[in-house]
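Asks: So that we are looking at the same thing, I have put the structure below in C-alpha cells.
The values are calculated or read from the model by the stated rules, or taken from the named source; none is laboratory data. Remember, it's a predicted structure, so these values are computed and weren't measured experimentally. Don't worry about glycine lacking a Cβ; one is built from the backbone with ideal geometry, like all the others, and counts go over all protein chains shown. These accessible areas exclude ligands, DNA and RNA; they are computed on the full protein's heavy atoms, side chains included. Shrake-Rupley method; radii C 1.70, N 1.55, O 1.52, S 1.80 Å.
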Amino acid sequence: MPDLVFFGPPGAGKGTQAKRLVSALGIPQISTGEIMRAERKSGSELGQRFDEFMSKGKLVPDEMVLELMEKRLKQEDAARGAIFDGFPRSVPQAEALDGLLGSLDRQIDKVIVLEVPEDSIVERITGRRIDPASGQEYHVRYNPPPAGTEVVQRADDTEEVVRTRYADYKAITEPVLQHYEPRGLVVTVDGVGGLDEVTERIEAVLPKG
Ligand code: AMP
C-alpha cells in the first residue's frame, strides 16, 4: 500500500480528490487541516492554540503539527499507507515525515502536485462551502450543494486570508518539492477541470500494484 502526498496550493482540490481515492486505495486520507479544525471545534485549549494561526491563514508551528501527525500515524487504519493532504507544508515537516515513516519501514512513494493557476485560487476558495453535517464540500458555482442542504463557509476562506495562505504556500510550502525531486517522486497533474476528469488524471499517475 502506498504513502502518497497530495500537494498544491490552497484550493487546488487536494482534499476533494483525496477523499475520492480513499476507498479505491484502501488507505485513509490524513488532512492536518481537518484534524486541527476538529480540535478547534471541540473547544479544547489545543484547538484554541491552532486557531490563533489558522484564523489568520498562517501556518501552525511545525512542532505542534508534528506532534499531531506522530499520534495519527499510530492509529490502526494508517498502518498500511496514507494519503497525506496538506502535509508536509514545510521542509522540516517533510524531513520529520521521512523519519516517522522510516521508523515504520515505510517511505513516501509519490508526491502528486495538483496544479491550478493563481488567478483561479481565490474564486475556488471563496466559493467553497461545506455541509457541516457530512463534511462534504461544494462550490457555489462548480459543484453546488443539493437544494435544501445547509452549507457553511470555512472561516479562513475569505479573500484576505486566502492571500496570506497563498503567500505562505509559495514561500514555505513550495520548497518542499525540492526535498522530494531528487528521489524522482514528484508528478504534476493538471488540477483544472471537472472532478471526474481530475480524478482520472491522478489515477493515471498512481504507483502501480
Ligand atoms: P487546510 O485545511 O489544509 O487548507 O489547512 C487549513 C489551515 O490549517 C492552514 O491554513 C494552516 O493554518 C493550518 N494547517 C494545516 N495543515 C498544516 C500544516 N501541515 N502545517 C502548518 N499548518 C497547517
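Asks: Residues that are open to solvent by 50 Å² or more (accessible area, probe 1.4 Å), over 22 Å from Ala38 (Cβ atoms) and in contact with a strand residue (DSSP E or B) (Cβ under 9 Å, 6 or more places away or on another chain): does the stretch 86-97 have at least one? Walk me through how you get there before you give the answer.
Replies: Looking only at the stretch 86-97, we keep the residues that are open to solvent by 50 Å² or more (accessible area, probe 1.4 Å), and these are 89, 92, 95.
Now drop any that are not over 22 Å from Ala38 (Cβ atoms), which leaves 92, 95.
Applying the additional criterion that residues be in contact with a strand residue (DSSP E or B) (Cβ under 9 Å, 6 or more places away or on another chain) yields none.
Checked against the condition, which is being open to solvent by 50 Å² or more (accessible area, probe 1.4 Å), over 22 Å from Ala38 (Cβ atoms) and in contact with a strand residue (DSSP E or B) (Cβ under 9 Å, 6 or more places away or on another chain), the stretch 86-97 yields no hits at all.
Asks: Looking only at the stretch 144-157, filter to residues that are open to solvent by 50 Å² or more (accessible area, probe 1.4 Å) and away from the ligand (no atom under 16 Å from the Cβ); which one of those is nearest to Gly127 (Cα to Cα)? So that I can check it myself, show each step before the final result.
Replies: First, pick out the residues of the stretch 144-157 that are open to solvent by 50 Å² or more (accessible area, probe 1.4 Å): 144, 146-148, 150, 152-153, 155.
So of that shortlist, the ones also away from the ligand (no atom under 16 Å from the Cβ) come out as 144, 146-148, 150.
Working: Pro144: 10, Pro146: 15, Ala147: 16, Gly148: 18, Glu150: 15 Å.
Ranking the candidates gives Pro144 first.
Asks: Another question about this same structure. Among (1) over 19 Å from Gly57 (Cβ atoms); (2) outside any strand (DSSP E or B); (3) at pLDDT 95 or above, there is one condition Gly135 misses while meeting the rest; what is its number?
Replies: If we test Gly135 against (1) over 19 Å from Gly57 (Cβ atoms); (2) outside any strand (DSSP E or B); (3) at pLDDT 95 or above, just (3) comes out false.
Asks: Now for a separate question. Taking the conditions exactly as written (away from the ligand (no atom under 15 Å from the Cβ) and either of a type outside the set (Gly, Ala, Ser) or over 20 Å from Phe6 (Cβ atoms) (or both)), does Pro117 satisfy them or not? First the steps, then the outcome.
Replies: Working: away from the ligand (no atom under 15 Å from the Cβ): yes; either of a type outside the set (Gly, Ala, Ser) or over 20 Å from Phe6 (Cβ atoms) (or both): yes.
Here the answer is yes, as Pro117 does meet what is asked.
Asks: Here is a check on your reading of the model: is Gly209 modelled with pLDDT of 95 or more and either farther than 30 Å from Lys56 by Cα or surrounded by 15 or more Cβ atoms within 10 Å (Cβ to Cβ) (or both)? Full working, then the answer.
Replies: Values: modelled with pLDDT of 95 or more: no; either farther than 30 Å from Lys56 by Cα or surrounded by 15 or more Cβ atoms within 10 Å (Cβ to Cβ) (or both): yes.
No; evaluated as a whole, the condition is false for this residue.
Asks: Show the residue pairs meeting these rules: Cβ distance below 6 Å; 6+ apart or different chains; first residue within the stretch 24-36 and open to solvent by less than 30 Å² (accessible area, probe 1.4 Å) and assigned to a helix (DSSP H, G or I); second residue modelled with pLDDT of 95 or more and near the ligand (Cβ under 10 Å from one of its atoms).
Replies: Pairs found: Thr32/Val65; Thr32/Gly86; Thr32/Phe87; Gly33/Gly86; Met36/Phe50.
Asks: A follow-up question, please. Given (1) in contact (Cβ under 8 Å) with a residue 60 or more places away in the chain; (2) of a type in the set (A, V, I, L, M); (3) touching a Phe, Trp or Tyr at 6+ places or on another chain (Cβ under 8 Å), identify the lone condition not met by Met64.
Replies: All conditions are met except number (1).
Asks: Could you look through the stretch 58-91, keep only residues that are of a type outside the set (Gly, Ala, Ser), in a loop (DSSP other than H, G, I, E, B) and within 12 Å of the ligand (Cβ to nearest atom), and pick out the one that is nearest to the chain's Cα centre (by Cα)? Walk me through it before giving the result.
Replies: First pass over the stretch 58-91, keeping only residues of a type outside the set (Gly, Ala, Ser): 58-77, 80, 83-85, 87-89, 91.
With the extra rule that they be in a loop (DSSP other than H, G, I, E, B), the set shrinks to 58-61, 74-75, 80, 87-89.
Filter once more, keeping what is within 12 Å of the ligand (Cβ to nearest atom): 58-61, 87-89.
Working: Lys58: 15, Leu59: 13, Val60: 14, Pro61: 16, Phe87: 6, Pro88: 9, Arg89: 9 Å.
Filtering first and then ranking leaves Phe87.
Asks: Something else about it: Of the residues in the stretch 1-23, how many are open to solvent by less than 50 Å² (accessible area, probe 1.4 Å), more than 12 Å from the ligand (Cβ to nearest atom) and assigned to a loop (DSSP other than H, G, I, E, B)? So that I can check it myself, show each step before the final result.
Replies: Pass one, the stretch 1-23, residues open to solvent by less than 50 Å² (accessible area, probe 1.4 Å): 2-18, 21-22.
Right, trim to more than 12 Å from the ligand (Cβ to nearest atom) and you get 2-4, 17, 21-22.
If we keep only those that are assigned to a loop (DSSP other than H, G, I, E, B) too, we end up with 2.
Residues in the stretch 1-23 being open to solvent by less than 50 Å² (accessible area, probe 1.4 Å), more than 12 Å from the ligand (Cβ to nearest atom) and assigned to a loop (DSSP other than H, G, I, E, B): 1 in total.
Asks: Go through (1) closer than 20 Å to Glu34 by Cα; (2) hydroxyl-bearing (Ser, Thr, Tyr); (3) touching a strand residue (DSSP E or B) at 6+ places or on another chain (Cβ under 9 Å) and name the single condition Thr149 misses.
Replies: Of everything listed in (1) closer than 20 Å to Glu34 by Cα; (2) hydroxyl-bearing (Ser, Thr, Tyr); (3) touching a strand residue (DSSP E or B) at 6+ places or on another chain (Cβ under 9 Å), Thr149 misses just condition (1).
Asks: Any residue that is within 14 Å of the ligand (Cβ to nearest atom) and part of a loop (DSSP other than H, G, I, E, B) - is there at least one of those in the stretch 163-174? Outline the logic, then answer.
Replies: Initial filter on the stretch 163-174 (within 14 Å of the ligand (Cβ to nearest atom)): 163-174.
Retained after the next criterion (residues that are part of a loop (DSSP other than H, G, I, E, B)): 174.
There is at least one residue in the stretch 163-174 that is within 14 Å of the ligand (Cβ to nearest atom) and part of a loop (DSSP other than H, G, I, E, B).
Asks: Considering Ser55, Ser42, Ser134, which residue is farther than 17 Å from Phe6 by Cβ and more than 16 Å from the ligand (Cβ to nearest atom)? I'd like the intermediate steps shown before the answer.
Replies: Details: Ser55 fails: more than 16 Å from the ligand (Cβ to nearest atom); Ser42 fails: more than 16 Å from the ligand (Cβ to nearest atom).
Just one listed residue meets the conditions, Ser134.
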